[in-house]
1. What about A116, is it crowded, with 16+ Cβ neighbours inside 10 Å and of a type in the set (A, V, I, L, M)?
2. Can you list residue pairs whose Cβ atoms sit under 7 Å apart, with the first residue in the range 148-161 being closer than 14 Å to E174 by Cα and the second being of a type in the set (D, E)? Count only pairs 6 or more apart in sequence or on different chains.
3. Mind telling me which of the residues R74, R112 ends up being charged (D, E, K, R) and under 20 Å from D143 (Cβ atoms)?
4. Being surrounded by 24 or more Cβ atoms within 10 Å (Cβ to Cβ), of a type in the set (A, V, I, L, M, F, W, C) and touching a residue at least 40 places away in the same chain (Cβ under 8 Å) narrows it down to one residue among L314, L328, L332; which is it?
5. Could you grab me the full set of residues in the range 52-70 that are in contact with a helix residue (DSSP H, G or I) (Cβ under 9 Å, 6 or more places away or on another chain) and over 17 Å from F28 (Cα atoms)?
6. Within the range 387-398, is there a residue that is touching an Asp or Glu at 6+ places or on another chain (Cβ under 6 Å) and modelled with pLDDT of 95 or more?
7. Looking at the range 352-390, which of its residues are under 25 Å from E201 (Cα atoms) and among the hydrophobic types (A, V, I, L, M, F, W, C)?
8. Give me a count of the residues in the range 230-260 that are touching a Ser or Thr at 6+ places or on another chain (Cβ under 9 Å) and on the phi < 0 side of the Ramachandran plot.
Amino acid sequence: MLTDRWGLPVSTDNPAALAGLDSFDTSFLTYGTTAGAVWEASAADPHSVMAAAKAAALELFLQTGAGPVKAQTRLDAVTAQLAAATERERLWHGQVAAWAAGDAEAAIAQCRAIVARWPQDLAAMKMAQFHMFHVGDLAGMLDIAEAGLPVHAGVAEMHGMHAFALEEMNRLDEAERAGRHAIGLQRAEPWAHHAVAHVMETQGRCAEGYDFMVALADTWADRNSFMLTHNWWHAGLFAIDGDRPDLALQLYDRHVWGVWKEYSQDQVNAVALLARLEFAGLDVGDRWQDVADFIAARGPDEHVEPFLDAHYLLGLTRAGRDAAADALLDSLRDHVARQPDRLAGRIWRQVGRPLAEGVAAYGRGDWAAAFTRLRPALDGLQQIGGSHAQRDLFWQLWLQAGARAGEAAAVRPWFERRAAERPAVAKHRRELAALG
């Protein structure tokens with residue numbers, strides 16, 4: 001056996017395999033671009049359970065319809081080696097298998113078991129937070145982070161993870177302190193930048209937030225497309241809230257759309273920023289068409305999670321791709337009907353389907369239907385993944401639909417709340433005034 005970057009044994013005698021595993025963990029924690037080295041690691045040692053598990057995880061991180069099958073193939077290839085593997089390796093294998101099968105509860109339980117026994121494994125902590133985030137277990141995200149702090153007190157990425165969990169729990173002052181502490185340890189800690197941006201966005205600190213993000217943007221250039229485009233997306237939100245939508249559109253063209261157009265998260269960032277630019281009254285030209293081309297290429301049968309499908313449907317309908325949107329909706333309904341009665345299935349039924357139908361109605365300009373269909377999904381949005389800021393898109397769709405459908409009395413209290421919570425954001429006062 002060799003020892004990985006966490007000082008823990010791995011069942012391989014191949015240095016190249018170990019190097020690939022360490023590269024994957026580093027890239028995973030820092031949003032780098034070397035995660036693919038784990039596929040080389042698995043090829044270097046086809047019998048390594050840990051290499052197969054992390055190679056399978058990377059297949060799933062790509063968020064494609066083929067991901068679960070590809071992941072399971074990699075996991076199956078080392079079944080015969082499981083008995084001789086370490087317990088930590090078996091748990092890593094098991095949590096990825098549960099993820100591939102859509103069993104978030106089992107994946108979280110096995111990640112928790114890894115962290116409880118081997119808190120040195122910061123990649124396992126990050127993986128636990130990832131699974132928890134995607135089903136809305138925000139308290140669990142914070143619990144995992146706080147358990148890791150004593151072991152990783154000097155590690156910037158640990159404090160970035162803690163900061164984001166605090167922010168999602170609405171403990172904003174603590175989140176900002178944790179994020180700034182992480183940046184003090186390591187300026188190039190993009191997840192901490194992201195956490196502090198969330199705090200400032202929630203508090204309506206538009207100009208300060210924009211300047212904060214732009215001042216750190218030089219450190220994102222060598223990060224993966226998600227982190228690069230998503231942090232610029234946050235800068236775009238600050239520009240919109242600061243009544244500079246033209247600047248936000250420039251950021252969209254220069255930094256948000258175009259890095260990896262085929263990737264799900266890049267498509268999500270594009271859809272969400274275009275929609276907010278339209279809320280601000282900006283004509284985005286033919287930009288919906290370009291995004292919709294890449295969404296349509298995914299086909300109708302790719303249902304990775306409700307959060308993604310809802311964005312895909314908004315992109316397709318705003319581009320007028322009604323046939324593609326109808327095919328995706330029909331396939332989604334079939335997918336929901338087949339889901340077993342466990343956490344992921346319940347989320348699809350109770351939140352995913354009404355959200356998808358409401359978003360599609362909004363994209364087509366059917367304001368009354370959007371207002372009616374979106375409402376049942378809103379209270380469960382936390383369960384579909386995405387941050388507060390990302391999920392707020394769907395609240396804004398509902399509010400916009402209500403205002404246009406003549407439901408001013410129903411939406412007015414929500415507009416008033418927004419104006420009270422973020423008094424520096426002028427658009428909230430304009431939205432209230434427009435209700436009459």
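1. No, not satisfied.
2. Listed by first residue and then by second, the contacts come to G160/E189.
3. R112 is the lone residue from the list that is charged (D, E, K, R) and under 20 Å from D143 (Cβ atoms).
4. Checking each option against the conditions leaves just L314.
5. Scanning the range 52-70 gives T64, A66, G67, P68, V69, K70.
6. yes
7. L355, V359, L374, A377, L378, L381, I384, A389
8. 5
The values are calculated or read from the model by the stated rules, or taken from the named source; none is laboratory data. Computed from a predicted model, the values in this text were never measured in an experiment. With ideal geometry, Cβ positions are generated from the backbone for all residues, glycine too; neighbour counts draw on all protein chains shown.
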